[in-house]
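Report on one structure; see the data block that follows.
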Amino acid sequence: MEVTLFYIAAAVALATTALVITRTNAAHALIYLIVSLLSIAVIFYLLGAPFAAALEVVIYAGAIMVLFLFVVMMLNLGRGSVEQERGWLHPRMWIGPGLLTLVLFLEMVFMIAGNPLATSGVPVTPKIVGQTLFGPYLLAVELASMLLLAALIGSFHLGRRYMHARREMTE
Amino acid sequence: MDIGLLMIAPVLLGALVGAALLVWWERRLLGWWQDRLGPNRVGPFGSLQIVADMLKLLTKDDWIPPFADRVIFTLAPAAVVAGMLMGFVVVPFGPGLHVVDLNIGLLFFLAMTSLAVYGVLLAGLASNNKYSLLGGLRSAAQMVTYEVFMGLSIMGVVILTGSFNLSEIVRAQQDVWFCVPQILGLVVFTLAGIAEAHRLPFDLPEAEHELTAGYHTEYSGMKFGLIMIGEYMSVILTSAIMVTLFFGGWLGPDFLPPIVWFTAKTALIICFFVLLRAAIPRPRYDQLMSLGWKYLLPITLFNLLITGALALRGSA
């Protein structure tokens with residue numbers, strides 16, 4: 001049962017990811033990307049990581065992709081951008097990346113066939129996630145928070161000159 | 001597991017019928033509070049008004065604008081309703097009365113409300129219309145913003161319970177409802193809930209004075225009906241989750257069964273949402289955003305800090 005569900009979710013993920021790359025309409029590509037993220041969340045759940053599955057939906061599908069769509073709505077609308085995309089996606093462009101990916105794929109198949117990795121079979125509860133994050137991986141959490149702080153200060157700085165302009169306008 | 005499968009049909013039906021009834025109930029209540037009659041002609045107290053409305057919507061010409069993106073335009077209303085219906089899956093209506101008892105129940109609710117944004121966003125994008133696009137953009141910014149506060153405001157409850165499981169959250173409120181120790185969380189969750197459901201006073205994505213009807217300007221017939229039903233379902237879902245998190249869920253004195261308590265509390269919260277709509281005017285868009293980032297964010301962080309410190313002191 002679980003194996004069947006896994007293969008269905010994996011097939012959906014692969015198909016939608018392929019569609020993300022080949023679509024010329026940015027909005028359509030993004031919708032396929034969302035579906036791809038959702039199917040990866042299903043895979044996480046089947047592997048016994050419900051917390052990671054929920055975060056995949058809340059953060060990737062629910063927040064980051066909304067921002068992507070937000071940017072697409074503001075910047076690339078209309079037929080012109082579709083034509084432009086079509087021009088970029090020349091069939092000959094696929095040969096190089098395709099060959100390189102094939103090498104990686106063969107390597108991965110070789111490794112998986114050599115020693116099949118089994119999942120632990122124990123569901124990873126939110127509590128365990130919290131304990132590992134703030135235990136052995138505390139340094140990574142601190143580094144991520146510093147990165148976020150830098151982003152915060154950067155965006156504040158970029159937005160500040162517009163704030164001055166607006167204050168003068170309203171006064 | 002079996003009871004969960006049996007619950008699916010009643011929950012689906014209940015959510016849809018509840019949303020339909022709410023349309024009528026809201027108009028009656030608004031009429032009463034604004035000193036006018038409201039719909040009172042069709043059936044007893046106008047209660048069949050919604051049937052009449054539905055017949056009208058079903059027989060209307062279902063028109064897709066030629067300039068719209070057909071596929072997304074058709075899928076968007078379905079996404080609105082599907083996201084909301086999925087949210088009802090984790091609501092515990094009584095002890096053991098739920099479709100599924102996920103131990104990440106609360107996160108699942110947050111995930112489904114965050115997916116519901118897409119319905120609105122895609123409707124705005126696919127309509128290919130200035131007003132729809134502006135409505136969609138507004139709703140994206142508003143909902144992503146208020147999702148942050150919604151998530152943070154309920155973390156206090158999670159700290160006090162020690163679990164994301166909604167049934168366990170209800171059981172943890174045996175002695176005192178979380179609306180007392182988590183009063184700040186409750187205030188922020190209420191505001192975020194209204195903003196997520198984009199209801200008046202926070203209905204800026206569809207503000208009719210400036211954007212005609214915002215993201216659903218181009219929708220007609222049953223597609224518009226679905227969007228409207230989705231909005232009312234999100235009111236019911238937010239109220240039900242609010243009751244579960246802050247007002248003791250199904251808990252209550254023994255003379256009534258738990259599900260009655262749950263329904264009664266939810267209905268009361270819904271009436272409160274309708275009262276807010278009747279009483280408060282709509283803020284400007286920048287006011288809405290600064291309310292969120294300048295006031296609600298510090299309040300939730302302060303609440304989390306205090307709750308965490310007290311929990312640590314209690315466990316030490």
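Rule-based calculations on the coordinates, nothing more; no lab input. The shown structure was predicted, so the numbers you read here are calculated from the model rather than taken from an experiment. In this analysis, Cβ positions are derived from the backbone assuming ideal geometry, glycine residues included, and neighbour counts consider all displayed protein chains.
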- Message: Amide H of B:Gly94 versus every other amide H placed in the peptide plane: which residues, excluding those fewer than 5 positions away on the same chain, fall under 5 Å?
- Response: none
- Task: Determine, for A:Arg92, A:Arg161, the number of other Cβ atoms within 10 Å of each Cβ, and report the residues in order from fewest to most.
- Result: A:Arg92, A:Arg161
- Query: Using 1/(1 + (r/R0)^6) with R0 = 22 angstrom and r between the beta carbons of B:Met54 and B:Trp33, what's the FRET efficiency to the nearest 0.05?
  - Reply: 0.30
- Note on the structure: For peptide B:98-107, the mean count of other chain Cβ atoms within 10 Å per residue Cβ is 3
- Rounded to the nearest 0.05, what FRET efficiency do A:Leu75 and A:Val3 give with R0 = 51 Å and r taken as the Cβ-Cβ distance? Could you check? 0.75
- Item | Extension reserve of the B:Val17-B:Ile259 stretch, reckoned as 0.36 nm per residue once the Cα distance is removed | 85.4 nm
- Among B:Asp286, B:Asp62, B:Asp175, which comes first, then next, by fewest other beta-carbon atoms within 10 Å? B:Asp175, B:Asp286, B:Asp62
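Work out the mean other chain Cβ neighbour count within 10 Å for the residues of B:116-124 and drop it here as an integer. Mind showing how you got there, number by number?
Working: counts 1, 5, 8, 0, 0, 6, 5, 0, 2.
For this peptide, the per-residue mean of nearby foreign Cβ atoms is 3.
Okay, helix-only estimate at 222 nm for chain B: each DSSP H run of n ≥ 4 adds -39500 (n - 2.57), divide by all residues, round to 500 deg cm²/dmol; what do you get?
Details: 13 runs with 212 residues, N = 316.
It lands at -22500 deg cm²/dmol.
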- Spacing of the two label points (7 Å from each Cα toward its C-beta) at A:Leu139 and A:Tyr162, in nm: 3.9 nm
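For peptide A:53-63, what's the mean number of Cβ atoms from other chains within 10 Å of each residue's Cβ?
On the way: counts 4, 10, 4, 1, 7, 11, 2, 0, 4, 13, 7.
Mean partner shielding for this stretch: 6.
Run through region B:22-54 and list the trypsin sites (Lys or Arg not before Pro) located in a DSSP loop whose Cβ has at most 10 other Cβ atoms within 10 Å.
Working: sites: B:Arg27, B:Arg28, B:Arg36, B:Arg41; in loops: B:Arg36, B:Arg41.
Passing sites in region B:22-54 are B:Arg36, B:Arg41.
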- Dipole of region A:2-92, positive end: most advanced residue of A:Leu75, A:Ser36, A:Leu47 [Cβ charges, Cα centre]: A:Leu75
- Message: Charges on Cβ only, +1 for Lys and Arg, -1 for Asp and Glu, centred on the Cα centroid of chain B; of B:Val89, B:Leu251, B:Leu211, which one is farthest towards the dipole's positive end?
- Response: B:Leu211
- Message: How tilted is helix B:70-87 with respect to the longest principal axis of chain B? Cα atoms for both, answer in degrees (0 to 90, nearest 10).
- Response: 30 degrees
- With Cα coordinates, the longest principal axis of chain B makes an angle with the long axis of helix B:221-246, in degrees rounded to 10, of 10 degrees
- Query: Roughly how tilted is helix B:105-127, in degrees to the nearest 10 and between 0 and 90, from the longest Cα axis of chain B?
  - Reply: 20 degrees
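Placing +1 at every Lys and Arg Cβ and -1 at every Asp and Glu Cβ, with all other atoms neutral, what dipole size does the protein assembly as shown have around its Cα centre, in debye to the nearest 20?
Working: 27 positive and 28 negative charges, 158 e Å.
It comes to approximately 760 debye.
Return B:Tyr118, A:Tyr162, B:Tyr215, A:Tyr137 ranked ascending by Cβ neighbour count within 10 Å, so the fewest neighbours appear first. Intermediate results must be reported in sequence, preceding the final value.
Details: B:Tyr118 26, A:Tyr162 9, B:Tyr215 32, A:Tyr137 12.
Going from sparsest to densest Cβ surroundings: A:Tyr162, A:Tyr137, B:Tyr118, B:Tyr215.
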- Any lysines whose Cα falls less than 20 Å from that of B:Lys265, other than same-chain ones fewer than 8 residues away, would be none
- Message: With N set to the number of residues, divide the alpha-carbon radius of gyration of chain B by 2.2 N^0.38 Å and report two decimals.
- Response: 1.01
- Task: Identify all lysines with a Cα-Cα distance to B:Lys130 below 22 Å; exclude those on the same chain that are fewer than 8 residues away in sequence.
- Result: B:Lys223
- All-pairs Cα distance distribution in the protein assembly as shown, expressed in whole percent, bin size 10 Å: 4, 16, 28, 27, 17, 7, 1, 0
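Given axes a ≥ b ≥ c from the Cα gyration tensor, I'd like to know whether region A:2-92 is rounded (a/c under 1.5), prolate (a/b larger than b/c) or oblate.
Working: a/c = 4.27, a/b = 1.71, b/c = 2.50.
Since a/c reaches 1.5 but b/c is at least a/b, the shape of region A:2-92 is classed as oblate.
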